[in-house]
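Each value in this text was obtained by applying a stated rule to the coordinates, not by laboratory testing. If you're wondering where the values come from, they're calculated on a predicted model, not measured in any experiment. Here the Cβ is made from the backbone with ideal geometry for all residues, glycine too, and neighbour counts use every protein chain on show.
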Amino acid sequence: MPDDTNVEVFTFASVFADSETDNADADFSLGIYESFGRVTEKPDQFLPRLGYNFVGFDIDTDDAVIPDHLFDMAIAGGFKLPDVSDFTGGITVGFGYAGDNPFGDANAWYGKATIVFGKKINETDDLAILLDYDGNRTFAPDIPIPGLIFRRKVSDELLMAVGFPVSSIEWKPVDYLTLELVYTVVDRLDVRASYEFVEGWSVFGLFERRRDAFHIDGIDAGNHDRLLFEQRKLETGLRWEPSEDIAGTLSVGYAFGQEFGIGFDSRDTDTVAEIDDAPYVRLGFEARF
């Protein structure tokens, strides 16, 4: 986030072509709507960093196993902690709701919190130590996960971060070409390439693997009442950025490896519906002010 930016908002809508599930070839159509954003921390005004995240699934299907609507929404606030031995600290605390009935299921509420301490080692290297808890994580939602991330600016063109649970690479081998990889061990993999062919206009391609979890009341699966969704996508599109404060994207893609499962987390899931591959269209909007 640039120094003079106080708010960032990102909104995306993906509409998938009609397909079928493997349960008696039931018809299936899907729309995924996402928005997330944050407000910059202002310690001098005692204002924390605030953030929100929303994911909504709009589903039309004859498959009785799959709900018509799924929601995951969360809000969190972050505060600076006192420095410890040259480490700068911060804490984020929030809560969310993930289910098929907005705010109607007490068990669908969850908490989340992250404590991070970071230190700049030298001009090119820094280190972060963290402890993260997310009650709706697709992997081990019941325990905090410790993390250690080392980041190095190898050159003006190459930035690398290696650690757990997140590793990433950002590389600009030539002007106007950017290659990015972000791997979150627990639930996500993103690989992206973008090329700015004229000022403000760029084309991009990406691969994405995502996992989402929702609490569904009444699932007949013992003590497991979470519905987990997994999806892989290949996508290409056009990005327009008329200024540093606003951008829009239009893209097309192909979704595959889609399935719903029931279980406590991704380590032990029983598949209940596999979704046929399907093309899709995606619109995106970004704003900073």
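A few points about this structure:
- For segment 16-29, the Karplus equation 6.51 cos²θ - 1.76 cosθ + 1.60, evaluated at θ = phi - 60°, returns couplings of 9, 5, 4, 9, 9, 9, 7, 8, 6, 6, 5, 4, 8, 9 Hz by residue, with Gly and Pro reported as x.
- Between segment 78-120 and segment 232-283, the alpha-carbon center distance in angstrom: 26
- Those lysines that a straight Cα-Cα span of less than 28 Å connects to residue 80, excepting residues fewer than 8 apart in one chain: 42, 112, 119, 120, 153
- Using θ = phi - 60° and Karplus 6.51 cos²θ - 1.76 cosθ + 1.60, couplings along segment 266-281 (whole Hz; Gly, Pro as x): 5, 6, 8, 10, 9, 5, 10, 7, 9, 9, 4, 4, 7, x, 7, 10
- Exposure proxy for 265, 142, 27: other Cβ atoms within 10 Å of each Cβ, ordered fewest to most, give 142, 27, 265.
- Sorting the segments 179-186, 97-104 by their mean number of nearby beta carbons within 10 angstrom, highest to lowest, gives 97-104, 179-186.
- Relative contact order of the chain, pairs being alpha-carbon contacts under 8 Å that are 6 or more residues apart, as %: 15
- Sorted by Cβ density within 10 Å, fewest first, the residues 32, 75: 75, 32
- Residues 152, 211, 226, arranged from fewest to most other Cβ atoms within 10 angstrom of their Cβ, appear as 152, 211, 226.
- Residue by residue, segment 168-185 carries 3J(HN,Hα) couplings of 7, 9, 10, 9, 10, x, 9, 4, 6, 10, 10, 10, 9, 9, 10, 10, 9, 3 Hz when phi is fed to the Karplus relation 6.51 cos²θ - 1.76 cosθ + 1.60 (θ = phi - 60°); x denotes Gly or Pro.
- Rounded Å value of the spacing that divides the Cα centres of segment 4-29 and segment 121-153: 28
- Three-way shape call for the chain based on the alpha-carbon gyration tensor, with the a/c threshold at 1.5: oblate
- Descending by average beta-carbon neighbour count within 10 Å, the peptides 192-199, 164-171, 257-264 line up as 257-264, 164-171, 192-199, the highest first.
- Amide proton proximity set for residue 62, modelled H, under 5 Å, gap of 5+: 27
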